[in-house]
Amino acid sequence: MDTIPSPLITAEELRRALGSEHPPTLLDVRYKQGGAPGAPEYAAGHLPGAHFVDLDRDLAAAPGRAGRHPLPAVDDFGAAMRRVGVSSGRTVVVYDDWVSAAASRAWWLLRWAGHPDVKVLDGGLGAWRAAGLPLTDSQPVTEEGDFKPAPGAMQMLDARQTGEFARTGLLLDARAGDRYRGEVEPFDPVAGHIPGAVNAPTMENIAPDGRFLPAAELAARFRTLGVADRPTAVYCGSGITAAHQLLAMAVAGYEGALYPGSWSEWCNNPDNPVATGPLPG
């Protein structure tokens, strides 16, 4: 396991960075599946200098056969990021109020598209508030960025490759156990999981205060799952919390591939096999 800089930043570290000579570009990616829209909450109060990024509009294409949150077109994503001031030579920090799940999507997309320096505020908005740091309803000055995506810096799989990966590597299903087992399915038309996938719920990476577990604890968890021994890929319902799992793996020093279409794409193809119940021991 290689030692790499953490992709997380604490509230205090961010406070200092925002007051420095070269502050990061700050993105508010508030989004909750089935929850209130993020834009009104952003308007009511956000971190000073933060620009709002809409997950459905800026970090995904329209839902369809490729899933509920397909990757956005590269040119569209680049334009959206430039509109909120993202430049290749400037650190980007992203945060949300959903245990960093939406922020992880932004982190993964920016890293996949070639941005070299992206961090997630550990604990998100809650950690900033808990530190007694201020919010504002003022809109930041818009500065056009120069970021031009160059995709391929992070590993990605399509449905065919994911099916093969489940047989040759370690495929993690980041959803809750009851969805993995097919006992419930609140969002997609078919319940179950990709045959051969191992359940590894994303929420088990998070402490009660909403921050990620320490790197050593995450590393121990992923070693138990077998991440240290086999190439690893991750999927979830629509590619959002799978990015969160990959962020947790990065904190622990591991890399993996994302299946962006995830279960929402997989289960919409009747030719794809479906498994239910726990993984056979």
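Exactly one residue out of G49, G64, G78 is within 22 Å of C236 (Cβ to Cβ) and of a type in the set (G, A, S): that is G64.
Tell me, yes or no, whether the range 198-212 has at least one residue that is among the β-branched types (V, I, T), surrounded by 24 or more Cβ atoms within 10 Å (Cβ to Cβ), in a loop (DSSP other than H, G, I, E, B) and modelled with pLDDT of 95 or more. There is no residue in the range 198-212 that is among the β-branched types (V, I, T), surrounded by 24 or more Cβ atoms within 10 Å (Cβ to Cβ), in a loop (DSSP other than H, G, I, E, B) and modelled with pLDDT of 95 or more. When the range 232-278 is limited to residues that are of a type in the set (S, T, Y) and not in a helix (DSSP H, G or I), the one that is surrounded by the most Cβ atoms within 10 Å (Cβ to Cβ) turns out to be Y235. Looking only at the range 141-175, which residues are in contact with a Gly (Cβ under 8 Å, 6 or more places away or on another chain), hydrophobic (A, V, I, L, M, F, W, C) and not in a strand (DSSP E or B)? F147, A150, A153, A159, A166, listed by residue number. Among residues of the range 163-183 that are closer than 17 Å to F222 by Cβ, those with a beta-carbon under 6 Å from a residue that is hydroxyl-bearing (S, T, Y) and surrounded by 24 or more Cβ atoms within 10 Å (Cβ to Cβ) at least six positions away or on a different chain give the pairs L170/T232; D173/Y180; A174/T202; A174/T241.
Consider the range 137-167. How many of its residues are under 30 Å from P23 (Cβ atoms) and of a type in the set (V, I, T)?
Final tally of qualifying residues: 2.
In summary, A216 fulfils each of the numbered conditions (1) touching a His at 6+ places or on another chain (Cβ under 8 Å); (2) loosely packed, with under 14 Cβ neighbours inside 10 Å with the single exception of condition (1).
Candidates are the residues of the range 102-148 that are under 19 Å from E13 (Cα atoms) and acidic (D, E); the one that is surrounded by the fewest Cβ atoms within 10 Å (Cβ to Cβ) is D117.
This table checks each residue for (1) within 16 Å of D137 (Cβ to Cβ); (2) modelled with pLDDT under 95; (3) of a type in the set (D, E, K, R); (4) within 17 Å of the chain's Cα centre (by Cα).
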{"site": "A50", "(1), (2), (3), (4)": "yes, no, no, no"}
{"site": "L55", "(1), (2), (3), (4)": "no, no, no, yes"}
{"site": "A61", "(1), (2), (3), (4)": "no, no, no, yes"}
{"site": "H69", "(1), (2), (3), (4)": "no, no, no, yes"}
{"site": "D75", "(1), (2), (3), (4)": "no, no, yes, no"}
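Here the condition is being over 21 Å from the mean Cα position of the chain (by Cα) and among the hydrophobic types (A, V, I, L, M, F, W, C); of V141, V198, V118, it holds for V141 alone.
Pairs linking a residue in the range 19-36 that is aromatic (F, W, Y) and surrounded by 11 or more Cβ atoms within 10 Å (Cβ to Cβ) to a residue that is in a loop (DSSP other than H, G, I, E, B) and at pLDDT 95 or above, with Cβ atoms under 7 Å and 6 or more positions apart or on different chains, are Y31/D96. Among the residues making up the range 1-41, a single one is at pLDDT 95 or above, of a type in the set (A, V, I, L, M, F, W, C) and in a loop (DSSP other than H, G, I, E, B): V29.
The set of residues in the range 84-93 that are surrounded by fewer than 21 Cβ atoms within 10 Å (Cβ to Cβ) and over 10 Å from F147 (Cα atoms) contains only T91.
The values are calculated or read from the model by the stated rules, or taken from the named source; none is laboratory data. The shown structure was predicted, so the numbers you read here are calculated from the model rather than taken from an experiment. Heads up, the Cβs are rebuilt from the backbone with ideal geometry, glycines too, and the neighbour counts pull from every protein chain shown.
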